[in-house]
Amino acid sequence: MSPELDAGLRLLASAVLGLAVGIQRELSHKPAGLRTHILICLGSALFTVVSVMGFSGTVDPARVAAGVVTGIGFIGAGVIFRGMRGDKVVGITTAASVWITAAIGIACGVGMYLIAVGVTVITVIVLFLPRANG
């Protein structure tokens, strides 16, 4: 398989898996929904693919993954901070779904499809679980 086709499959897989998480968030009427989760997953995968395929041998590809984790953590913190209302903190699950979606994208970006699919299934199941406090 050509490197371009391989990269394309990795990116397509990330978009589909981001879509799966995003659908759940849309159905739950959350602000970070379909498009957000697709773009986060796809972007994480693209950064990873470019790092692994474009710079292999010249830089450590794990650095990009670390940067994605940090950047998404920053976005997630903004989601939580933005959601604070009085003494109630909201947005933690949305921040976590954004974070795990980025991780799924990284897994797709390095070609770990089975792990990415498995984590996506687990994530969607967890997101559909009822909240403990109502």
statement: Rh (Kirkwood, all Cα-Cα pairs) for the chain, Å, reads 15.2
- request: Along each of the three principal axes of the Cα atoms of region 26-66, give the extent in whole Å, ordering the values from largest to smallest.
  value: 44, 15, 9
message: Quick check: residue separation of Leu9 and Ser28 times 0.36 nm, minus the Cα distance between them. What number comes out in nm?
response: 3.9 nm
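Going by average Cβ neighbours within 10 Å, how do the peptides 30-38, 98-106 rank, with the highest at the top?
98-106, 30-38
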- prompt: Cβ under 15 Å from Gly18's Cβ, Gly18 left aside: what net charge do those residues give with Lys, Arg +1 and Asp, Glu -1?
  reply: +3
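Every number here is computed from the coordinates shown, using simple stated rules; none is lab data. None of the values given here were measured: they were computed from a predicted structure. With ideal geometry, Cβ positions are generated from the backbone for all residues, glycine too; neighbour counts draw on all protein chains shown.
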